[in-house]
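Worksheet: one structure, shown below.
Read-outs: derived from the displayed coordinates by stated rules, not from any lab. In this text the structure is predicted, and so the values were computed from the model without any measurement. Cβ coordinates were reconstructed from backbone atoms using ideal geometry, including for glycine residues, and neighbour counts include every protein chain displayed.
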Ligand SMILES: [Mg+2]
């Protein structure tokens, strides 16, 4: 047998450009709330000498991403964009002394997603196929909404139910922050009352917020309340680093315990997965190190009997990356979809749409499978022309 196909010629990185998104940043429910003009989500364009551009997304302030690109430039200039895992790891390995797991890791996440996008475009394959194959053609998105007073919460769920969503997550806002267990229960009951038949409801305490006031006893009591309401998971019930308390909570709780959205680097997940802190782990592909890192975390979790659900909801590209892993990995039954975000719904050529079953199709076009629309992106970033320039 002969193997005659020549190797693909290298595709060299010429520039990497960041586009901070501003103007319609969705609220986070944070105690120090995100303002519309704050940039917490940033798009990345990796430009190459072959005329192929890859796009990615970072959940971090655009100014930090731009600074990170300056630091990383000597390491990525001229690199072969067809080797995402090697190039991303090179960036990680050579910057360990500058705050691994922080802004640089976040920025590398966007670069890594863009490199996978380039590899897909160069080979004509979707990232899902490149990363292992297609286990499924569609997946259930859960609509992520901020908690609010019970009546408002019920109206919000009803609004997105009418748009076709069948699963919901409510979180942050007043929940757990007013020392009022009756209010917390009333919000959950109001949301439950508006679910479609067979619908799911997840609850996110958002304990990574500044000055989270509660500990293990609150989490145990609240988990009981949520189980009584037949809630489908309890997310970030404890401050993010409370490993031992998470282990205790998971063992004691009747409903699944989830978390991990603020952890970065695959290494940070090892104790949480191997010690049994979570029933479901939720790495964020736009912070954790990108697709290369997220995929390894998801496989590690699987090998320890822990489910994986992605948290890359921040932009259409984060969601698109999660969709590719939702097919490349076995048994992924959900992706997060933030309700009403311009940066998810209004920056790509063909917006995401739910089918009659409330499911999202997983694109099988080359690369990340969705295409940014320059005119739409230009509404939310200061210099869209530079971001999309062909140079
Ligand atoms: Mg969360």
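Key figures
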item: Per-peptide average of other Cβ atoms within 10 Å, ordering 45-58, 373-386, 313-326 highest first; result: 313-326, 45-58, 373-386
item: Cα shape, segment 129-361, gyration tensor, a/c 1.5 rule; result: oblate
item: Relative packing of peptides 172-183, 300-311 - highest average C-beta neighbours within 10 Å first; result: 300-311, 172-183
item: Length gained when the stretch residue 63-residue 36 is fully extended (0.36 nm per residue, less Cα-Cα span); result: 8.1 nm
item: Expected 222 nm ellipticity per residue - DSSP helices of 4 or more, -39500 (n - 2.57), all of the chain, to 500; result: -11500 deg cm²/dmol
item: Rounded if a/c under 1.5, otherwise prolate or oblate - segment 95-232, Cα gyration tensor axes; result: oblate
item: Pairwise FRET efficiency - residue 379 versus residue 8, Cβ, R0 = 45 Å, nearest 0.05; result: 0.80
item: Normalised alpha carbon radius of gyration of segment 229-333 [divisor 2.2 N^0.38 Å]; result: 1.00
item: Using alpha carbons only: equivalent-ellipsoid semi-axes of the chain, gyration tensor based, whole Å; result: 34, 22, 21
item: With Cα atoms, 0 to 90° folded angle of helix 316-328 axis to the chain main axis; result: 90
item: Nitroxide proxy distance, nm - points 7 Å out along Cα→Cβ at residue 185 and residue 228; result: 0.4
item: Shape of segment 1-160, Cα gyration tensor, a/c cut at 1.5; result: oblate
item: Spatial separation of Cα centroids for segment 1-77 and segment 269-342, in angstrom; result: 19
item: Label-point separation in nm, residue 15 to residue 221, each point 7 Å along Cα→Cβ; result: 5.7
item: For peptides 348-354, 30-36, 102-108, 18-24, sequence by mean Cβ density within 10 Å, most packed first; result: 102-108, 18-24, 348-354, 30-36
item: Rounded tilt (10° steps) of 181-193 against the dominant C-alpha axis of the chain; result: 70
item: Full-stretch length increase - residue 241, residue 211 - with 0.36 nm per residue and alpha-carbon distance subtracted; result: 9.4 nm
